[in-house]
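Here is the structure we will look at, set down as structure tokens.
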């Protein structure tokens, strides 16, 4: 990828931008005096920072989806207090399913496993994965679809 890093949501704690230009990796930001700075970094540092940035984005998206952004009325509080807590058996079953899912992911061929993890756990789009792996979108989509079909089949057969 050449040019700007894909646009990602920023917050005040992440004021930098990662940039690739002519095959060279940079981090850019404004210093304490408000002067724009651009520093060349190596590919390994870029990859690590990119990964951290994606994890931060996933966390911010999780907060947006699951943290309430509105006032709760007295009626809602009363209704919620009447709700039963999740049963220990339900928690154990959910944990077992999660563990089983990870075991099945580990059994997938390397390419399928990598693509599923990038897409579902790190939030990469098919296009981003394809660009990263130097292929078109269709092979990425097909391998993810095949992996999901395998995993669904295993879960359906197991009950």
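Can you tell me which of 120-131, 88-99 comes out highest on packing, and rank the rest after it, using the mean Cβ neighbours within 10 Å? Before the final figure, lay out each step's value.
Numbers: 120-131: 15.5, 88-99: 10.1.
Ranking, from highest mean packing down: 120-131, 88-99.
Taking 25 Å as R0, compute the FRET efficiency from the Cβ-Cβ separation of residue 45 and residue 125 and round it to 0.05. Numbers along the way, then the final one.
Working: r = 24 Å, r/R0 = 0.95.
Efficiency computed from Cβ-Cβ geometry: 0.60.
At 0.36 nm per residue, and after removing the present C-alpha to C-alpha distance, how many nm does the segment from residue 100 to residue 145 gain when stretched out fully? Please report the intermediate quantities before stating the final value.
On the way: separation 45, 0.36 × 45 = 16.20 nm, distance 1.89 nm.
The span from residue 100 to residue 145 would gain 14.3 nm if fully extended.
We did not get these values from a lab; they are worked out from the coordinates using the rules stated. Everything numeric in this text was worked out from a predicted model, so none of it was measured. In this analysis, Cβ positions are derived from the backbone assuming ideal geometry, glycine residues included, and neighbour counts consider all displayed protein chains.
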